[in-house]
1. Per residue, how many Å² of accessible area does region 53-116 show with a 1.4 Å probe?
2. What are the residues whose amide H is under 5 Å from the amide H of Y103, where those residues sit 5 or more places off or on another chain and H is modelled from the backbone?
3. Let me make sure I get this right: for region 252-355, a, b and c are the square roots of the gyration tensor eigenvalues over alpha carbons, sorted descending. Under 1.5 in a/c it's rounded, otherwise prolate if a/b > b/c, else oblate. Which is it?
4. Where does the chain land at 222 nm, in deg cm²/dmol rounded to the nearest 500, when only DSSP H runs of n ≥ 4 count, each adding -39500 (n - 2.57), divided by all residues?
5. For the pairs K201/K363; K287/K343; K255/K291, flag any whose C-alpha to C-alpha distance is greater than 24 Å.
6. Which is the longest part of the chain that has none of the trypsin sites (Lys or Arg not before Pro) sitting in a DSSP loop with at most 16 other Cβ atoms within 10 Å?
7. Using each residue's phi in region 325-331, evaluate 6.51 cos²θ - 1.76 cosθ + 1.60 at θ = phi - 60° and report the 3J(HN,Hα) Karplus result to the nearest Hz, with x for Gly and Pro.
8. Is the shape of region 117-235 best called rounded, prolate or oblate, per the rule: a/c under 1.5 gives rounded, else a/b larger than b/c gives prolate, else oblate, with a ≥ b ≥ c the square roots of the Cα gyration tensor eigenvalues?
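The values are calculated or read from the model by the stated rules, or taken from the named source; none is laboratory data. Model, not experiment: these values are computed from the prediction. Here Cβ is always computed from backbone atoms with ideal geometry, including for glycine, and neighbour counts include all displayed protein chains. When the accessible area is computed, the model is the full protein with side chains, heavy atoms only, and any ligands, DNA or RNA have been set aside. Shrake-Rupley method; radii C 1.70, N 1.55, O 1.52, S 1.80 Å.
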Amino acid sequence: MSFLTFPKLLKKRPSSQEEGRRSIKIGIPKFLNIWGTAPFWVGFFESLGLKVIFSSDTSEEQYRAYGKGRITMDSCFPVKALAGHIGELLQKDIDILFVPMIYSLPSFLKGHVLDTLCCTRVMMAPENIKAGFLKERDEFKERGIKYVSPFVPFAEPELLPKYLYEALKDAVDGLTYKQVVQAVKEGFETLEEFERSMRSKSLEIIRWCVANNRPALLVLARPYHMDPGIGHEIDAEFQLYGYPILWYNYLPTDKWLLEWLGISLDISDVWTSSYSSNTNEIIWGAKFASKLPWITGVIRLSSYECGMDQPTFTPVQKIVESSGTLFFKFGELDETKPAGSVKIRVETIVYYLEKYSQEIIKKKLSRLENIPKELLEPTFQSA
């Protein structure tokens with residue numbers, strides 16, 4: 001995901017008050033569920049007239065330079081990495097440090113599952129890591145930076161303006177509740193527009209696979225595995241071998257496609273404890289992969305011994321492999337430091353993909369009706 005390629009955000013002429021806020025810079029760490037909600041925050045703060053500055057991707061250099069001595073006890077590396085992001089932003093020219101405690105997520109499965117909650121460890125990460133910057137002295141106050149960390153229930157959009165207004169009213173002069181309500185609307189519109197464009201791109205990839213009789217790989221992971229420093233760019237390794245990559249959270253959900261595949265957005269047939277947003281989408285992605293002929297391999301990524309991931313490993317593998325689709329897992333990424341071993345494993349996986357992909361495509365196609373005309377449309381047309 002690029003944090004710099006969101007659609008044009010402001011659809012109205014900004015007020016003089018909003019124009020006056022252009023000098024206010026708000027820093028947001030590029031961590032955890034920000035990877036799935038960043039377009040919302042860009043749209044939200046642009047609507048209010050604030051300039052958004054993200055931290056860089058996670059890296060060992062960032063972690064050592066800015067997080068050293070500020071790490072609190074936590075077994076989850078993606079959570080601990082937040083210290084590096086906050087520390088980096090404290091060195092930048094910002095006025096507000098915005099670190100949301102995201103309780104629930106927007107999800108395309110909303111209404112088809114019990115809830116779309118975040119991992120509690122992820123939600124409390126801002127409070128956990130903030131303590132490391134206060135244990136000896138208040139590093140935020142020292143630098144004149146206002147620290148803002150609101151409770152964010154994305155699944156309850158009617159409550160969202162209240163929590164965001166209460167958190168920001170003392171940090172942004174002249175802020176009104178009405179402005180926040182409008183900014184939340186702008187944020188959701190930006191997020192929805194971005195996700196539509198990503199699903200459209202995924203459909204383009206699938207059409208290319210159909211036209212060229214080529215297989216694709218689906219990545220089942222967490223949003224933060226899009227971060228090169230957390231996901232180790234494993235998806236890019238496969239792209240070097242010519243395999244298109246699809247991400248579970250941006251799969252196309254067009255009605256005609258789901259009807260052809262014989263699936264819906266319901267996952268109750270395979271997963272009854274559908275409370276966790278990312279887990280729900282991973283389960284659904286596994287069902288999608290088991291049906292779509294051109295997804296011949298699924299790559300599962302997991303950081304350390306993630307408690308949220310553990311119960312899903314076996315069900316996901318069974319769903320995928322029940323259709324003959326190949327399943328591969330890269331687990332405990334943060335403990336094994338797999339820079340060298342990834343290349344060896346990728347080469348092995350590519351061998352199996354090259355050997356079995358055409359057979360898998362044929363078998364999966366034999367279980368379906370004729371390919372719908374919508375999948376046969378031209379794609380990747382030159383300008």
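1. Values: 2660 Å² over 64 residues.
The answer is 42 Å² per residue.
2. Sorted by chain and number, the residues that satisfy this are V152, F154.
3. Values: a/c = 2.49, a/b = 1.31, b/c = 1.90.
Oblate is the answer for region 252-355, as a/c is 1.5 or above yet b/c matches or exceeds a/b.
4. On the way: 17 runs with 172 residues, N = 383.
Calculated mean residue ellipticity at 222 nm is -13000 deg cm²/dmol.
5. Numbers: K201/K363 26 Å; K287/K343 28 Å; K255/K291 15 Å.
Going by Cα-Cα distance, K201/K363; K287/K343 fall outside the 24 Å limit.
6. Details: sites that count: K8, K11, K12, K68, K92, K110, K135, R137, R143, K169, R367.
Answer from the scan: 170-366.
7. Karplus-based 3J(HN,Hα) across region 325-331 equals 6, 6, 10, 9, 10, 10, x Hz.
8. Working: a/c = 2.96, a/b = 1.62, b/c = 1.82.
Verdict is oblate for region 117-235.
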